[in-house]
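Student: I'd like to ask you about the structure that follows.
Coordinate-derived values only; no laboratory data. Just so we're clear, the structure is a prediction, and the values are computed from it rather than from any experiment. Neighbour counts run over all protein chains shown; Cβ positions are idealised from the backbone, glycine included.
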Amino acid sequence: MLFALFILGIGNFAVHKAVLESRHPMLDALPGFYRSGGGRFSLWFEFLILLAAMLLAGNGWPGMAIAYGIYSILNFATGWLLLSGRI
């Protein structure tokens, strides 16, 4: 279960970084501190979400793995919509 979360986390980081590098106009709506430093703050936030999910799932909260899976699906779908130009 933790390995699956780790793989989903790698995918989330890749999509997140690709969206940040796309310079999509929608990113202009985000606060400046969220985009500063090439998106370092947002990538740290992504890491904290993954860490929390892994710690909770590893300590008897299997629902967190499902929740992180749903979060990942939404991230992948949103990234696809932004990067493909559908939004």
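Student: Taking neighbour Cβ counts within 10 Å as the exposure measure, how do 46, 21 sort from fewest upward?
Tutor: On the way: 46 18, 21 11.
In order of increasing Cβ crowding within 10 Å: 21, 46.
Student: What distance in nm separates the simple spin-label points at residue 49 and residue 71, each placed 7 Å from Cα in the Cβ direction?
Tutor: Rounded to a tenth, the inter-label distance reads 0.6 nm.
Student: Rounded if a/c is under 1.5, else prolate if a/b is larger than b/c, else oblate: which is the chain, with a ≥ b ≥ c the root eigenvalues of its Cα gyration tensor?
Tutor: On the way: a/c = 2.68, a/b = 1.73, b/c = 1.55.
Here the chain falls in the prolate category.
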